[in-house]
1. Of the conditions (1) at positive phi; (2) part of a helix (DSSP H, G or I), Gly46 satisfies every one except a single condition; which number is it?
2. Name the residue that is most open to solvent (accessible area, probe 1.4 Å), counting only residues in segment 49-71 that are within 31 Å of the chain's Cα centre (by Cα) and farther than 30 Å from Asn122 by Cα.
3. Please specify each residue of segment 141-152 satisfying the condition of being closer than 14 Å to His98 by Cβ and open to solvent by 60 Å² or more (accessible area, probe 1.4 Å).
4. Name every residue in segment 65-99 that is touching a strand residue (DSSP E or B) at 6+ places or on another chain (Cβ under 8 Å) and among the hydrophobic types (A, V, I, L, M, F, W, C), in order of residue number.
5. Tell me which of these Ser77 doesn't satisfy, since it passes every other one: (1) surrounded by 12 or more Cβ atoms within 10 Å (Cβ to Cβ); (2) without any contact (Cβ under 8 Å) to a residue 24 or more places away in the chain.
6. Only one of these conditions is not met by Asp136: (1) surrounded by 11 or more Cβ atoms within 10 Å (Cβ to Cβ); (2) farther than 22 Å from Pro85 by Cβ. Which number is it?
7. Test Gln56 against the stated conditions and say whether it is assigned to a helix (DSSP H, G or I) and at pLDDT below 85.
8. Take the residues in segment 107-133 that are without any contact (Cβ under 8 Å) to a residue 12 or more places away in the chain and among the hydroxyl-bearing types (Ser, Thr, Tyr), then tell me which one is farthest from Arg143 (Cα to Cα).
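The values are calculated or read from the model by the stated rules, or taken from the named source; none is laboratory data. Treat the numbers as computed from the prediction; the structure is a model and nothing was measured. Here the Cβ positions follow ideal geometry from the backbone for every residue, glycine too, while neighbour counts run over all protein chains shown. For accessibility, only protein heavy atoms count, side chains too; no ligands or nucleic acids. Shrake-Rupley method; radii C 1.70, N 1.55, O 1.52, S 1.80 Å.
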Amino acid sequence: MQDDDLINEIHDRMGSLDVHRGYLLDQVADVERALKRYERALKALGDPAYATEPKQVKPNTHAAQRSAQQKASAMKSMARSDTWPHLREAIIAYAHEHEEFRQVDFRDGYDITSSKSSTAFNLLREENVLRISRVDGNSKFYRLTKEALDAN
């Protein structure tokens, strides 16, 4: 019998301690919420102790690498294609006729996608035939390089 009484007493004590723990946890939660409110208020008032530094955003290097690889692949396939010599000559002829022009100006007169013209213009820039003369918003204006003008 004594063991049963002792077990019951321990259970009662554990129950009261569990209730007390719940009360204390509620108190801690209330205190933490109040502290967070005060910290936000100090931060809003400009207290240097609560000023946070802006987060530094990491550049997405994988996307840049993937994009560079796709661009290089597109340029290689364009340079190997049968249409490249004709397209190259058409762009150079257009550049001779116009002192300064945009890709979209060239595309309007020829049946070519923006992707192919972009790749072709990049190839001609790498060959030092075209250069970007100026940028106006999203529009890039191209000209023949001095070397390309002297060659013809």
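1. Here Gly46 meets the rest and fails (2).
2. My answer is Lys55.
3. Result: Arg143, Leu149.
4. Of everything in segment 65-99, those that are touching a strand residue (DSSP E or B) at 6+ places or on another chain (Cβ under 8 Å) and among the hydrophobic types (A, V, I, L, M, F, W, C) turn out to be Ile91, Ile92, Ala95.
5. Every listed condition holds for Ser77 apart from (1).
6. So the condition that Asp136 fails would be (1).
7. Considered against the rule, which asks whether it is assigned to a helix (DSSP H, G or I) and at pLDDT below 85, Gln56 comes out as no.
8. Ranking the candidates gives Thr113 first.
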